[in-house]
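Report on the following structure.
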């Protein structure tokens, strides 16, 4: 705490005010001791709270500040440990006398090391006055309650997407980034919000607790003490969906970085808003997550890389009550993103005008995010404006140190996941709360692509700003860019990721061919992964020629693995990648012991051979039949049980499945496919066939009869002289 807005350094005046309303016999300490610390900053709202209720809650800020400057030169692991240890040590040494005093007074309180704060639930006036004698105290301020930045517009349930990739995600170029193999893998994102439904179809695979099998270190119910991830409001599930959402079927690609993992802290609900204790608990947990119910075991190595905050206040001036928490995140390498706030939430007109950005988005050292349309690239009038009265000292741009927002992202009619069920999605959500998660996901993409940027807030933010698409807007000084409504413009994911790559000089490539070591035949669909560390990993698949290319590979030594169903995985260690070069690595895979599975696929009614595809479910294996005989063959590894499914190439047949195994020897598996009795479009069952079509003046033509074989439910037209062909043809 260096400064406090709305606070006067007038402890003496406070004591005089208290003396007016309180009998001297109730004073716990002499006036001389109470007035000795005139430098304690006191929130002017507190005396009135005591006068009205006789007691009040408040926040105690301590003078000692941890020196975290050394953290910025450390690697990710050491950085996290150093920051937490230093903050904890500072808090213990600063707070111990005041904690002893509060315990003696029987006051309930909660201590925090994230910003060297004690939150007092409630105390008497006497207890409060006693605090005035502690030189280690810097300030006493009123309890804080923030709000979720609620969405505006009409919300509509939309279980099915019109397109697989949402328009807002496509508009900012995320799919172009995915196509290069960058999806946020190895990155961990977080939100402080209303909670998240972890079982949602679009989020369950990305939840880190799904991978670890535990909610420990992955979830904190700070506002409701829930031991499992919940969201009784919907806001947090929606924002997390925009960060990482994607269901397994790829029918709902709603997030920016679907390869990243997520964790979450629930700090807000409908009734309580976002109370200070919950927000500080979340801030501390984000810096060092801990097991459920065990805050004494923080683990900074489990912290996220970036944290989304779609909450705030409507103050029109800087209020740094949360500043220490943000500063600690910076020191730990965690990237802080805040929504700028909505005009409607704060009672402003649209557009809201200059200086309306709320706190903490108003802080100079956070990326504040405003809104653009869903996909039109224009300013959305609900978004609050800069400038800020807390200028940026971490990453100031020339002449724009007071700029807010930094950038904008789609925030109109955003479709994302909601917690009504595992498959519920809602469209129509509008607001800067919907915009900020786009930038959170973008940071995950950038840090995967450019690993040298991990923990580097200033360089990352500069790339985001410099690669943004300018949106010219009149903020009172004529059309210009940047401006206080749209900042540097709308995020451009593809350009930002390329900027990250260029900054880290990550332009090297590993290429090669994967073959069968016995036949030398190229192998398609082989998964090839190059790994340097927990935060640097690239992957791809071989093409039909067995060839692969892994781009965007930072310089260093890698372990490369290749795996394909039916083959033993291969691993090559010590693969050296040198900047500016292409590394060639060919890999041969050995087939595991297998059995030959053969069979025929035929028409169940006629016995005709069918041209069909036989697929081994859950694998990449399949085989096509000989169209003249219906015969197929494929090899399956021994010892496992498989499900084979046959589907005809011609329309009009139902699929058929059979279970095989555990496979120990060669086996024969035949399929007899039945005709779809509703559609009745299979060749030979209608007046057209795949191979021949004729139009007649009357039906049936002379010499033809209509027969129903009973089992198919579809009439079949046959020439009496050529019943066996099953092909519609006229008599000569």
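Using C-alpha pairs below 8 Å separated by at least 6 residues, the relative contact order for segment 507-589 is 39 percent.
Ranked by the mean number of other Cβ atoms within 10 Å of their residues, highest first, the peptides 300-312, 347-359, 254-266 come out as 254-266, 300-312, 347-359. Here's the picture: a label point sits 7 Å out from the Cα of residue 590 along the beta-carbon direction, and within segment 558-582 the residues with their amide nitrogen under 18 Å of it are 561-573.
Most tightly packed first, judged by the mean number of other beta-carbon atoms within 10 Å of their residues, the peptides 399-408, 243-252, 661-670 read 399-408, 243-252, 661-670. Working from Cα pairs under 8 Å separated by at least six residues, relative contact order for segment 148-502 is 22 percent. Sequence-distant contacts, meaning Cα pairs under 8 Å at least 6 residues apart, place the relative contact order of the chain at 9 percent.
Segment 177-227 and segment 67-111 have their alpha-carbon centroids 27 Å apart. Could you work out how far the C-alpha centroid of segment 400-456 sits from that of segment 609-655, in angstrom? Computed from Cα coordinates, the inter-centre distance equals 44 Å. With the biggest extent put first, the Cα atoms of segment 148-502 measure 55, 43, 42 Å across the principal axes. Taking Cα atoms only, the orientation of helix 235-244 departs from the longest principal axis of the chain by about 60 degrees. How much of the calculated P(r) for the chain lies past 42 Å, in percent of all Cα pairs? Within the chain, distances greater than 42 Å cover 43 percent of Cα pairs.
The tail of the calculated P(r) for segment 443-533, taken as Cα-Cα distances beyond 21 Å, holds 53 percent of the pairs.
Once the Cα-Cα distance is subtracted from the 0.36 nm per residue extended length, the residue 555 to residue 121 segment shows a gain of 150.9 nm.
Helix 457-467 and the longest principal axis of the C-alpha atoms of the chain enclose an angle of approximately 60°. Note on segment 459-611: Cα-Cα pairs beyond 24 Å make up 57% of the total pair count.
Set the Förster radius R0 to 41 Å, insert the Cβ-Cβ distance between residue 354 and residue 48 as r into 1/(1 + (r/R0)^6), and round the FRET efficiency to 0.05.
Between residue 354 and residue 48 the formula returns 0.85.
Over all orientations, segment 594-673 has a Cα convex hull whose mean projected area works out to 4.7 square nanometres. A helix-only calculation puts the chain at -6000 deg cm²/dmol for mean residue ellipticity at 222 nm, using -39500 (n - 2.57) for each DSSP H run of at least four residues, averaged over all residues. Model label points for residue 640 and residue 317, set 7 angstrom from Cα along the Cα-to-Cβ axis, are 6.8 nm apart.
The calculated FRET efficiency for residue 101 paired with residue 474, based on their beta-carbon distance and R0 = 45 Å, is about 0.20.
With a cut-off of 13 Å on the backbone N, the residues of segment 418-440 near the modelled label site 7 Å out from residue 251 along Cα-Cβ are 423-425. Angle of helix 276-287 to the longest C-alpha principal axis of the chain, folded into 0 to 90 degrees and rounded to 10: 60°.
Here the label points at residue 582 and residue 543, each 7 Å from Cα along the C-beta direction, are separated by 1.2 nm in the simple model.
Calculated FRET efficiency, residue 69 and residue 224, Cβ-Cβ r, R0 35 Å, to nearest 0.05? That gives a FRET efficiency of 0.40.
Taking the number of other C-beta atoms within 10 Å as the exposure measure, put 207, 101 in order starting with the fewest.
On the way: 207 24, 101 15.
Ascending Cβ contact count within 10 Å gives the list 101, 207.
Working from label points 7 Å from Cα in the Cα-to-Cβ sense, the residue 565 to residue 666 distance is 2.3 nm.
Shown for segment 367-479 is the translational diffusion coefficient from the Stokes-Einstein equation, using the Kirkwood radius over Cα pairs, a temperature of 10 °C and a viscosity of 1.306 mPa s: 103 µm²/s. The alpha-carbon atoms of segment 166-265 define a convex hull whose volume equals 92 cubic angstrom per residue.
Any read-out appearing in this document is the output of simple, stated calculations on the displayed coordinates, not a laboratory observation. As the structure is a prediction and not an experimental result, all values here were calculated from the model. Because the Cβ atoms are built from the backbone with ideal geometry, glycine has one as well, and the counts that use them run over all protein chains shown.
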